[in-house]
1. With a 10 Å Cβ neighbour count serving as the proxy for reagent exposure, in which order, fewest first, do H172, H116, H38 appear?
2. Considering the values (1) 54, 38, 34; (2) 50, 47, 33; (3) 57, 36, 30, which represents Cα extents along the principal axes in Å as calculated for the structure under consideration?
3. What percent does the relative contact order of the range 46-192 come to when contacts are Cα pairs within less than 8 Å and at least six residues apart?
4. Ranked by Cβ crowding within 10 angstrom, fewest neighbours first, how are M76, M1, M101 ordered?
5. Based only on other Cβ atoms within 10 Å, what is the fewest-to-most ordering of E42, E157?
6. Assuming a ≥ b ≥ c are the square roots of the Cα gyration tensor eigenvalues, decide whether the range 90-194 counts as rounded (a/c under 1.5), prolate (otherwise, with a/b larger than b/c) or oblate.
7. Compute the separation of the alpha-carbon centres of the range 65-121 and the range 145-204 and state it in Å as a whole number.
8. Treating the beta-carbon of each Lys and Arg as +1 and of each Asp and Glu as -1, no other charges, what is the dipole magnitude of the range 90-194 about its Cα centre, to the nearest 20 debye?
Amino acid sequence: MIDLYALTSPNVQKIFIALEELELPYNTILVDVWKGEHYKPEFRKLNPNGKIPVIVDHDGPGGKPYTVFESGAILMYLGDKTGRLFPRETRARYDVIQWLMIQLTGIGPNFGQLTHFRRFAGPGNDYALSRFQTEVRRLYDVLERRLGEAPYLGGAEYSIADIATFPWCRNHDFHKVSFDDHPNVARWFDALAARPAVKRALEKVDRIPTSRDSAKPEDLDRLFGRGAFARP
């Protein structure tokens with residue numbers, strides 16, 4: 001059995017999808033970051049970086065419990081655990097890893113920053129909005145070219161690279177990116193959205209209550225490291 005510490009973010013959605021695709025039994029333990037629950041000492045023992053998702057695999061290596069944090073590491077761990085969605089042959093494996101890294105180091109940070117400055121920041125952030133909007137559109141162009149060469153990001157087969165990237169593309173309208181201009185991305189996105197495991201995962205995510213819209217200003221400041229929590 002796997003314990004999944006989660007809420008609703010794209011990084012968490014990845015793990016829901018992977019667990020459903022791999023048909024692994026799991027329990028969901030909610031960590032409401034909008035209320036600061038990720039700062040609790042018991043959670044920091046699981047992840048010193050204080051972020052979700054985290055998994056605890058009670059049937060880990062050697063049959064002993066094992067904790068994994070960081071969504072990319074979790075996906076790789078689950079792929080290796082099951083021998084699925086993460087090729088073992090060197091060339092195919094590194095094709096997947098490269099596109100997983102693009103999500104982890106490019107798509108996630110830039111899509112996330114655009115969301116932050118559009119949804120949570122006050123006025124006077126025109127430079128940040130322009131910078132991240134431009135980078136988000138550039139990254140969609142990268143995906144479009146890749147998916148014109150291969151059916152999936154890692155190549156011929158569906159993999160953890162696709163699982164990692166898909167949730168970040170669900171907000172393309174909010175990010176002002178049209179799928180009409182990215183037909184290869186649209187084809188790939190629709191194919192993934194139609195998968196039964198993806199549907200099951202997103203249905204579970206959609207049922208998770210969120211206190212984002214009722215979060216206290218102090219909680220938002222602490223979460224975003226601003227105001228009294230900014231570090232000079």
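Bear in mind that the values in this text are calculations on the coordinates, not laboratory data. These figures come from a predicted structure and were not determined experimentally. Don't worry about glycine lacking a Cβ; one is built from the backbone with ideal geometry, like all the others, and counts go over all protein chains shown.
1. On the way: H172 18, H116 14, H38 21.
By the 10 Å Cβ count, ascending: H116, H172, H38.
2. (2)
3. Numbers: 144 pairs, mean separation 31.0, N = 147.
After rounding, I find 21 percent.
4. Working: M76 20, M1 11, M101 14.
If I rank by nearby Cβ atoms, fewest first, I get M1, M101, M76.
5. On the way: E42 7, E157 14.
Fewest-to-most ranking of E42, E157: E42, E157.
6. Numbers: a/c = 2.36, a/b = 1.79, b/c = 1.32.
Here the range 90-194 falls in the prolate category.
7. Here the two parts' Cα centres lie 14 Å apart.
8. Working: 12 positive and 12 negative charges, 56 e Å.
Computed about the Cα centre, the dipole is about 260 debye.
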